[in-house]
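Computed from the coordinates by the stated procedures, all read-outs in this text should not be read as laboratory data. Not measured: the values here are computed from a predicted model. Neighbour counts run over all protein chains shown; Cβ positions are idealised from the backbone, glycine included.
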DNA sequence: CACGCGTGGGC
DNA sequence: TGCCCAAGCGT
């Protein structure tokens, strides 16, 4: 690999490029401003497996509603889930809230500037701990995300499947970052290079600060890297979901179990699709009809088709997980996207 | 360590 | 249209 001198040259080139092309982000401190660890942490959790475009409005909403980690720690779990609704991977929201409480209770409301302590926080893994350490505290850690993996695989022309060489790629990324003069900027520059120049398709190599050193480009194989293994086909699942209304303009909803798929979120009663025995006893329901069009939704590991059955019912609720909710106030609930689709389809 | 875990946008 | 994905983590 490169000697120390050439690594330093690469670092300088990347930082110089970043200085000219850095994008503005709601969570990103302006040049010369000191970063807010709360903002760094919140944005990094939201950005896990999620696009910048999707995150921006959520980040704005969260910091407006909960300006600091103490405010967030004191929030109701249901409010946090409601604000997170639509962003996906809801375990992140549950861990976010849990983490805020730990920071308040264990660290007096200040994020620790210690990498190991950060790594121990709920929802904070190797990537996020390195990101916070470098971005918020300017410590010499290199955050390795999917962008960085792609850049490194191309830079060193690594042809083995990414899943087999993740560890090696990580070490190479850290080699490129180690000792750089501005860890805060370097971590973000590395990822931003992948996000805007070294893109999965049609990389803009002519604009890249590392174009003359990149082995993938020299060999003409940059765009084909990193190599990924074929994914298995997504299974399809079918289920039924019940749109149950009463004579008060209310609709029947229930909270899902705290863990697992859509954990802690609100749904309309359903059965047959999520491996849970959660069918409601609907013998007393008066069946009104069927919605012709099925609701289709793609999850990470399966495709779902839901048939909406409409019922009328005004008796007692089976248990406390269920509740009647005013139709015009449904927006106030923590409904995941798939349930918003059901809602729209049922009333259309 | 392989798998479970969401969503909306781009092509 | 169907596929790929996007600043990963927990178990």
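With a ≥ b ≥ c the root eigenvalues of the C-alpha gyration tensor of the stretch A:90-183, is it rounded (a/c under 1.5), prolate (a/b larger than b/c) or oblate?
Details: a/c = 3.40, a/b = 1.75, b/c = 1.94.
The shape class here is oblate.
For chain A, the longest principal axis of the C-alpha atoms and the axis of helix A:37-47 are separated by about 70°.
The calculated P(r) of the stretch A:24-63, using every Cα pair and 10 Å bins from 0, goes 31, 57, 12 in percent. So which residue, out of A:139, A:11, A:49, gets the largest mean-square fluctuation from a GNM of chain A using Cα contacts under 10 Å as springs? Judging by the Gaussian network model, the answer is A:49.
The angle between the Cα long axis of helix A:4-21 and the longest principal axis of the Cα atoms of chain A comes to about 50 degrees, rounded to the nearest 10. For the stretch A:36-137, the square roots of the Cα gyration tensor eigenvalues, ordered a ≥ b ≥ c, give a/c of at least 1.5 with a/b no greater than b/c, which places it in the oblate category. Approximating the spin labels as points 7 Å out from Cα along Cα→Cβ, the residue A:213-to-residue A:258 distance works out to 4.9 nm. Over chain A, with a Gaussian network built from C-alpha contacts below 10 Å, which listed residue (A:94, A:256, A:276) shows the highest mean-square fluctuation? Highest fluctuation of the listed residues: A:276. Taken over the stretch A:253-348, the percentage of Cα pairs per 10 Å bin, counting from 0 up to the bin with the maximum distance, is 13, 50, 35, 3. Label the stretch A:170-301 by shape, choosing from rounded, prolate and oblate, from the square roots a ≥ b ≥ c of the eigenvalues of the Cα gyration tensor; if a/c is under 1.5 it is rounded, and otherwise prolate applies when a/b is larger than b/c, oblate when it is not. Here the stretch A:170-301 falls in the prolate category. Extending 7 Å from Cα along the Cβ direction at residue A:230 and again at residue A:166 yields two label points whose distance is 2.2 nm.
Mean-square fluctuation check for chain A, GNM, Cα pairs under 10 Å: which of A:132, A:280, A:308 is largest? Comparing A:132, A:280, A:308 in the GNM, the peak value goes to A:280.
Between residue A:246 and residue A:6, full extension at 0.36 nm per residue minus the direct alpha carbon distance yields a gain of 79.2 nm. Antiparallel as a % of all DSSP beta bridges within chain A, to the nearest 5? Around 65 percent antiparallel, to the nearest 5.
In chain A, Cα pairs under 8 Å separated by at least six residues give a relative contact order of 16 percent. Its alpha carbons considered, chain A gives a radius of gyration followed by a Dmax of 23.9, 78 Å. Taking the C-alpha atoms only, the angle from helix A:91-107 to the longest principal axis of chain A is near 70 degrees.
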